[in-house]
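The structure appears right after this line, and notes come after that.
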Ligand code: AMP
Ligand code: ZN
């Protein structure tokens, strides 16, 4: 998919509304439209990278940044102590439905393992 047609690129450009919890020059954090836990947000890099398979070496610092943002957000959301899960689905069998790399942050309930 071209980035012009990408749902998350449109959300980043604010062409499609979202409930944004955090934004900086590299990422946004939005509430998932179909939450799977009491807290379910998605951390999305502003750069259009389709999935992990497409991530280039020089783009890799964004992954560390995403985790540092997650660390901040879990404090804000009050789930740092009780625990949470960060997951990134990749490809058809991984359950990826939006072809712009992103990280789900889930918490607020006891999460099951393994996921379905
Ligand atoms: P994935 O299925 O791992 O690619 O994750 C895509 C996520 O985006 C799903 O959890 C969807 O519920 C979520 N989603 C789809 N459209 C929107 C939207 N307009 N705003 C917020 N989240 C969305
Ligand atoms: Zn995109």
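With the requirement that a residue be within 13 Å of ligand 1 (Cβ to nearest atom) and under 23 Å from residue 93 (Cβ atoms), what does the stretch 36-48 give you?
36, 37, 40, 42, 43, 44
I'm trying to understand the selection: among the residues of the stretch 3-34, which are within 9 Å of ligand 1 (Cβ to nearest atom) and under 15 Å from residue 77 (Cα atoms)?
If the condition is that a residue be within 9 Å of ligand 1 (Cβ to nearest atom) and under 15 Å from residue 77 (Cα atoms), then 19, 30, 31, 32 are the ones that fit.
Being under 23 Å from residue 18 (Cβ atoms), modelled with pLDDT of 95 or more and within 14 Å of ligand 1 (Cβ to nearest atom) narrows it down to one residue among 69, 74, 87; which is it?
Result: 87 is the single residue among 69, 74, 87 that is under 23 Å from residue 18 (Cβ atoms), modelled with pLDDT of 95 or more and within 14 Å of ligand 1 (Cβ to nearest atom).
One line per residue, one yes/no per condition, for (1) more than 26 Å from residue 82 (Cα to Cα); (2) within 13 Å of the chain's Cα centre (by Cα); (3) within 11 Å of ligand 2 (Cβ to nearest atom):
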position: 5; (1), (2), (3): yes, no, yes
position: 8; (1), (2), (3): yes, yes, yes
position: 14; (1), (2), (3): yes, no, no
position: 23; (1), (2), (3): no, yes, no
position: 35; (1), (2), (3): no, yes, no
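The values are calculated or read from the model by the stated rules, or taken from the named source; none is laboratory data. This structure is a prediction, so every number in the text was calculated from the model and none was measured. Glycine also receives a Cβ, built like all others from the backbone with ideal geometry; neighbour counts cover every protein chain displayed.
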